1. Looking only at region B:4-25, how many residues end up being over 13 Å from residue B:70 (Cβ atoms) and surrounded by 12 or more Cβ atoms within 10 Å (Cβ to Cβ)?
2. Quick one: count up the residues across region B:70-94 that are at the interface with chain A (Cβ under 8 Å from one of its Cβ atoms) and either within 16 Å of DNA strand C (Cβ to nearest atom) or open to solvent by 10 Å² or more (accessible area, probe 1.4 Å) (or both).
3. How do the strands (runs of 3 or more DSSP E) wholly within region B:153-205 filter down when requiring 3 or more residues that are within 17 Å of the chain's Cα centre (by Cα): which remain?
4. Is it fair to say residue B:29 is more than 14 Å from chain A (Cβ to nearest Cβ), over 28 Å from residue A:107 (Cβ atoms) and not charged (D, E, K, R)?
5. Looking at (1) under 28 Å from residue B:118 (Cα atoms); (2) at pLDDT below 95, can you tell me which one residue B:72 breaks?
6. If a residue must be closer than 16 Å to residue A:153 by Cα and in contact (Cβ under 8 Å) with a residue 24 or more places away in the chain, how many such residues does region A:180-195 contain?
7. Among B:113, B:10, which is within 24 Å of residue A:103 (Cα to Cα) and more than 14 Å from chain A (Cβ to nearest Cβ)?
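The values are calculated or read from the model by the stated rules, or taken from the named source; none is laboratory data. None of the values given here were measured: they were computed from a predicted structure. Reconstructed Cβ throughout: ideal geometry from the backbone, glycine too, with neighbour counts over all protein chains shown. Ligands, DNA and RNA are stripped out before the accessible areas are found, and what is left, the full protein with its side chains, is counted by its heavy atoms. Shrake-Rupley method; radii C 1.70, N 1.55, O 1.52, S 1.80 Å.
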Protein chains: 2
Amino acid sequence: MTLSEEDYIKAIYHLSEFNSKSVATNAIAEQMKTKPSSVTDMIKKLAEKSLVNYKKYQGVSLSEKGRLVALSIIRKHRLWEVFLVDKLNFSWDEVHVVAEQLEHIKSDALIDKLDAHLGFPKVDPHGDPIPNKDGVFTKSVKKLISELPVGSQGACVGVNDSSAAFLKFLDKNKIALGDTFKILEIEEFDGSVTISTRSGSIRISKQIATNLFLEIVDEE
Amino acid sequence: MTLSEEDYIKAIYHLSEFNSKSVATNAIAEQMKTKPSSVTDMIKKLAEKSLVNYKKYQGVSLSEKGRLVALSIIRKHRLWEVFLVDKLNFSWDEVHVVAEQLEHIKSDALIDKLDAHLGFPKVDPHGDPIPNKDGVFTKSVKKLISELPVGSQGACVGVNDSSAAFLKFLDKNKIALGDTFKILEIEEFDGSVTISTRSGSIRISKQIATNLFLEIVDEE
DNA sequence: ACAATTTTTTAGATTTGTCTAAAATTATAT
DNA sequence: ATATAATTTTAGACAAATCTAAAAAATTGT
Ligand SMILES: [Mn+2]
Ligand SMILES: [Mn+2]
Ligand SMILES: [Mn+2]
Ligand SMILES: [Mn+2]
């Protein structure tokens, strides 16, 4: 698999991660920052290799084979992110671009030993789950703060908007991955939410609440 | 710089590391496992970018700019090798192929933090020196066992032949990087050398002696 | 229903890195 | 010195990944 093929496979995976429908050519082009015609060319190649299901004008979806390829790249990406944060002291808003390169290094031994070195982590620095060798991962029961009722509590495990701007905003407001929050009050007027933290309670805007994931403890 | 350009620059560096003359097209082709015509094409591109000095039919040599590029890639290669051995418990005969990929990851912050994480190592697992950010490295005063007189002693810091076969042979014979050896006797008949080790004295063949470097302590 | 718009695909070029076959140049041997 | 051999370069082709412009198909609005 070439680096480019891997990035396309990963893009298709992420675009169909939640809705599960087939993915549009234009959507892939936008994600990959390329032109729709280039996407069509690549889709044909991936279809040729049985990595995607493709019918002209009908969009594309990953085959089972393609899904496993996607998960192995995501596994590598997220393990490298853990390494960068835990071992090299990167902050969690800096790691994505570097992991984007490291995910393409080809060595099974390397990724096994890296996994062991990191203590077999289950989530990456953004709270996203790390698939195992066979592409299996515990579907996280994380929910956006804005989706939760008063009284809910859980660990902050991830962000929806992973832009550097948002991640920096969180750092500035002393909101860090792993912190436990409890929802104290939801303001109907503007959707802002009061949450309790270790250092007291703070009020966050609706926009923040729709971009922060909590892993809920009292949910099966 | 593309991955391919970087590998060519590194190949030219290594081929002119000791003799300092210009490097032949065929030599590069052999090193890069490609055809001479491909080498000529690449040389033209590198010359265009002022990374090499090139006159048709006269071979090629690195410009100062090219030399610095080579050293920055070698720095990355060797730091990654240290990481793989020290942190991930690879053995020293396994790391080269993986480092060959990792050396192309582009991130100044990454390599700085990796360097710090490793404790600013001066040599890689094969005893080869690691250039600093500016391409400066302490020229090692290492010599082959076969070049040393009786009575010399020093730490084993590297190998000439870095083939997996040779490195495995060393492991089997309990010869490891960092071990201190003293030359007890040189057999004129076959060039074999008797050396003292922690666990007693052993005799090594001339072929071994011409492939093991010692860092001599009593030399300035 | 069907014209207008949007999406997707095709056709034809371009860049990068490679190849084979042939020509040009340099080195070697008698 | 000059024929022979080896090395190096050129010419022309190809696969991968991209692009622009144009054609084809699907979607949308009235
Ligand atoms: Mn990537
Ligand atoms: Mn992540
Ligand atoms: Mn390389
Ligand atoms: Mn090395």
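1. 4
2. The number of residues fulfilling the criteria is 4.
3. Of the strands (runs of 3 or more DSSP E) lying wholly inside region B:153-205, those with at least 3 residues that are within 17 Å of the chain's Cα centre (by Cα) span B:153-159.
4. no
5. Of (1) under 28 Å from residue B:118 (Cα atoms); (2) at pLDDT below 95, only one is false for residue B:72: (2).
6. Residues meeting the conditions: 9.
7. B:10
Table: residues versus (1) over 27 Å from residue A:196 (Cα atoms); (2) more than 16 Å from ligand 1 (Cβ to nearest atom).
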site: A:64; (1), (2): yes, yes
site: A:79; (1), (2): yes, no
site: A:87; (1), (2): yes, yes
site: A:114; (1), (2): yes, yes
site: A:122; (1), (2): no, yes
site: A:133; (1), (2): yes, yes
